[in-house]
Every structure is written in structure tokens, then in C-alpha cells.
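Following: one structure in C-alpha cells, then a few remarks.
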Amino acid sequence: TMHIHLSSPWFAPRAVVARYRCAILLLAAACLLPAAEPPSPQALPGGVVAVELAIESKAMGGSMPALVLLPPSYAQRPAARYPVLYLLHCAGGDYRMWAQGKGLIRELASRELIVVCPEGTPQGWYLDSPIRPRSAVETHLIRELIPRIDRDFRTLAARSGRAIGGFSMGGHGAITLAAKHPDLFASAGSFGGILDLPRWPGQWGLDAVLGPLATG
């Protein structure tokens, strides 16, 4: 069973819903904050650790960044494994967007959860473009990023331990990626996701990745 939530306060697997309901409300507010300078691996308030990755991507034709936020207990419990929440940014954001929210860092400091913030590129729509060369964001996330996270971090590397969500463009990406890859995600959520793309011909950079909308 796939749990799909549209504009929902929570999109994690059922087993951890109660623990993180407040955290997701604070995550949504983070999208409204401006981007800061690129973070380097560092200790954040409350013992949260930010790890910035650079992933060589065949799908994207170059290096792709991602930000991993580890809870304080990650270092304190070396045998523990953690569920992972993938958070997708909006069309005007980037992989650093979610971590700009102080509320997110405060909540993560008390949660048993890894948060991964991928780079979706400006108006990349988290899909493999049929017309834009080296714009295969879906393949990058599914075939390159997720295996890298499961390899390098102590994750619950199974569908039951993996959720995805996002804001606006990221909301579209979260729902469509979960629908296309139900074996990977137990749950998906969208905050203000632009889901019905044909309603927006020529807007939000859609023509650049999908081509003009066919009519008639």
C-alpha cells in the first residue's frame, strides 16, 4: 500500500508518523527563506550534522550536489539504522533550501531520521527530459543518489524506511516519482505541488523540459 498525501503535514511511513508530525509543518516554512552560501560538512545547532555530497552523475553529465542532515543520535548510536526522508525543492530553490529553516534543524535534533535534500536543477521537474540534453533528474535520483545514500549512510534501505516529499515543483516530483517507483517509497507528500502540468502550458519552464503542449 502506498500512502499519498497532498498538502499534508506528514508523508513518512506509517510506523513513524506520530513522531514527526510537527517537523513537517516546520519544513514547509523553510521553503520561503532565501538561499544561503553553500554549506560545508559541519555541526549544526542541537548536534545535527550536515554532510554535503558531490555525486558524479552520468545521467546529468557532471557532478550533482546533495545535502544530508543527520540527527545527533547518528554518531551516538553507531549500530542504529535510520529511515530516510527525501525532500525536493521548488523551481526557484536548490538542494540547500530546506536546511535554511531553523525549525527544521531544531526538530531534526530530536528525531530519529535522516533527511536528504537532492538537487533538482532550476525547473528540472524531477523527470528525464526527452528534449533537453543531460537533464535526466529522475534517473539521477533513483539510480544514482538513492544507492549512494544507502551505501554511505546507515539507512533502513528498504521501501518501508523511505519517504519522499516536496514543495511546488518538488511536490510534483515527489508524487510522480513515488507513483512510478512504488517499490522504493512507502509514502509521498506534496506541499502546493503543481500536479496537473497540462494546465500550465508555457509556464514554469515546462516547455524547456517537455516541449510545447500538443493541442488538437
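Restricting segment 181-205 to residues that are of a type in the set (Gly, Ala, Ser) and either open to solvent by less than 40 Å² (accessible area, probe 1.4 Å) or touching a Leu at 6+ places or on another chain (Cβ under 8 Å) (or both), which is modelled with the lowest pLDDT? This residue is GLY205. Here the condition is being of a type in the set (A, V, I, L, M, F, W, C), at pLDDT 95 or above and part of a loop (DSSP other than H, G, I, E, B); of ALA178, ALA157, it holds for ALA157 alone. Under the condition of being out of contact with any strand residue (DSSP E or B) (no Cβ under 7 Å at 6 or more places or on another chain) and either open to solvent by 20 Å² or more (accessible area, probe 1.4 Å) or farther than 15 Å from PRO65 by Cα (or both), the residues counted in segment 132-171 number 14. Residues that are under 16 Å from ILE146 (Cα atoms) and small (Gly, Ala, Ser) within segment 180-192 comprise ALA186, SER187, ALA188, listed in sequence order.
The values are calculated or read from the model by the stated rules, or taken from the named source; none is laboratory data. Note that the structure is predicted; figures quoted are calculated from it, not measured. Glycine also receives a Cβ, built like all others from the backbone with ideal geometry; neighbour counts cover every protein chain displayed. Note: accessible area is taken over every heavy atom of the protein model, side chains too, but ligands, DNA and RNA are not part of it. Shrake-Rupley method; radii C 1.70, N 1.55, O 1.52, S 1.80 Å.
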